[in-house]
1. Only strands (runs of 3 or more DSSP E) wholly contained in the stretch B:7-53 count here; list those with 2 or more residues that are touching a Pro at 6+ places or on another chain (Cβ under 9 Å).
2. Within the stretch B:20-32, can one find any residue that is closer than 12 Å to A:G102 by Cα and either more than 9 Å from every other protein chain (Cβ to nearest Cβ) or among the basic types (K, R) (or both)?
3. Name the residues in the stretch A:40-79 that are aromatic (F, W, Y) and either more than 14 Å from chain B (Cβ to nearest Cβ) or more than 11 Å from the chain's Cα centre (by Cα) (or both), would you?
4. Only residues that are in contact (Cβ under 8 Å) with a residue 60 or more places away in the chain and of a type outside the set (A, V, I, L, M, F, W, C): list them for the stretch B:80-102, please.
5. Name the single residue, out of those in the stretch A:10-39 being over 10 Å from the mean Cα position of the chain (by Cα) and of a type in the set (A, V, I, L, M), that is nearest to the other protein chains (Cβ to nearest Cβ).
6. Within the stretch B:70-113, how many residues are open to solvent by 20 Å² or more (accessible area, probe 1.4 Å), assigned to a loop (DSSP other than H, G, I, E, B) and farther than 28 Å from A:G31 by Cβ?
7. Regarding B:F64, is this residue touching a strand residue (DSSP E or B) at 6+ places or on another chain (Cβ under 8 Å), open to solvent by less than 30 Å² (accessible area, probe 1.4 Å), free of Cβ contacts under 8 Å to residues at least 40 places away in the same chain and more than 13 Å from A:L103 (Cα to Cα)?
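The values are calculated or read from the model by the stated rules, or taken from the named source; none is laboratory data. From a predicted model like this one, the values you see are computed outputs, not experimental measurements. So basically every Cβ, Gly included, is an ideal-geometry build from the backbone, and we count neighbours across all protein chains shown. The protein model used for the area step is the full one, side chains on, heavy atoms only, and it has no ligands, DNA or RNA in it. Shrake-Rupley method; radii C 1.70, N 1.55, O 1.52, S 1.80 Å.
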Amino acid sequence: GQNIDQPTEMTATEGAIVQINCTYQTSGFNGLFWYQQHAGEAPTFLSYNVLDGLEEKGRFSSFLSRSKGYSYLLLKELQMKDSASYLCAVRDTMYSGGGADGLTFGKGTHLIIQP
Amino acid sequence: DSGVTQTPKHLITATGQRVTLRCSPRSGDLSVYWYQQSLDQGLQFLIQYYNGEERAKGNILERFSAQQFPDLHSELNLSSLELGDSALYFCASSVAGAAKTQYFGPGTRLLVL
């Protein structure tokens, strides 16, 4: 089975840096995704990690350690529009292989940006 | 705009009824995925189709079924609806299975009264 844990809510200040952690347990790991979701809207893709290390994309970076079952999303130079939920998702080999790849999502971290 | 379209945007129906949700993937994408998002359960994978064939099944109830047509659009059928089926239903698409990115549509908000 799968289990994905991330904090329910975090608060940060405009212009600052915030790190959102995600831990996971899967029967067979095949990639980790981060999505951003504003209330009532569709999730939008932020990052993908399949190998250990850091992936940087502008103000957003994502890190993965497969041996620890751990990832984080780092957001720099926070802006008010970054207030949203951030979803950690794992592709498990239970659902993948032969072109199959449903994602298992954590419940999301609600990030509040204060002026 | 992800390029994935879903209709209808909102749906209100009664318990025991049946509804059909429709999804058109991004141009060129062969894989379609259905997800359900409720307040208490979060975003849950239901089912995946790839080029017309079922590829993976998640937490999909027996009362729910889906299919992907030759033009690659997909429909999710929900029957014998219960209050607990009220949720946001998202469709996503990707070029192929095991893709680096799944692109989500705007969702259909279903309310069962």
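1. Values: elements: B:10-13, B:19-24, B:31-38, B:42-50.
Per the criteria, B:19-24, B:31-38.
2. Let us first name the residues in the stretch B:20-32 that are closer than 12 Å to A:G102 by Cα, namely B:31-32.
Now drop any that are not either more than 9 Å from every other protein chain (Cβ to nearest Cβ) or among the basic types (K, R) (or both), which leaves B:32.
Scanning the stretch B:20-32 turns up at least one residue that is closer than 12 Å to A:G102 by Cα and either more than 9 Å from every other protein chain (Cβ to nearest Cβ) or among the basic types (K, R) (or both).
3. The answer is A:F60, A:F63, A:Y70, A:Y72.
4. Here is the first cut: in the stretch B:80-102, the residues in contact (Cβ under 8 Å) with a residue 60 or more places away in the chain are B:80-83, B:89-97, B:99, B:102.
Once the filter is applied, which keeps residues that are in contact (Cβ under 8 Å) with a residue 60 or more places away in the chain and of a type outside the set (A, V, I, L, M, F, W, C), the stretch B:80-102 yields B:S80, B:E82, B:Y89, B:S93, B:S94, B:G97, B:Q102.
5. Selected residue: A:A39.
6. Residues that pass the stated criteria total 7.
7. Details: touching a strand residue (DSSP E or B) at 6+ places or on another chain (Cβ under 8 Å): yes; open to solvent by less than 30 Å² (accessible area, probe 1.4 Å): yes; free of Cβ contacts under 8 Å to residues at least 40 places away in the same chain: yes; more than 13 Å from A:L103 (Cα to Cα): yes.
It is true that B:F64 is touching a strand residue (DSSP E or B) at 6+ places or on another chain (Cβ under 8 Å), open to solvent by less than 30 Å² (accessible area, probe 1.4 Å), free of Cβ contacts under 8 Å to residues at least 40 places away in the same chain and more than 13 Å from A:L103 (Cα to Cα).
For (1) open to solvent by less than 60 Å² (accessible area, probe 1.4 Å); (2) aromatic (F, W, Y); (3) farther than 25 Å from B:I47 by Cβ; (4) touching a Gly at 6+ places or on another chain (Cβ under 7 Å), each residue gets a yes or a no:
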| site | (1), (2), (3), (4) |
| --- | --- |
| A:P43 | yes, no, no, no |
| A:L46 | yes, no, no, no |
| A:L51 | no, no, yes, no |
| A:A84 | yes, no, yes, no |
| A:D101 | yes, no, no, yes |
| A:T109 | yes, no, yes, no |
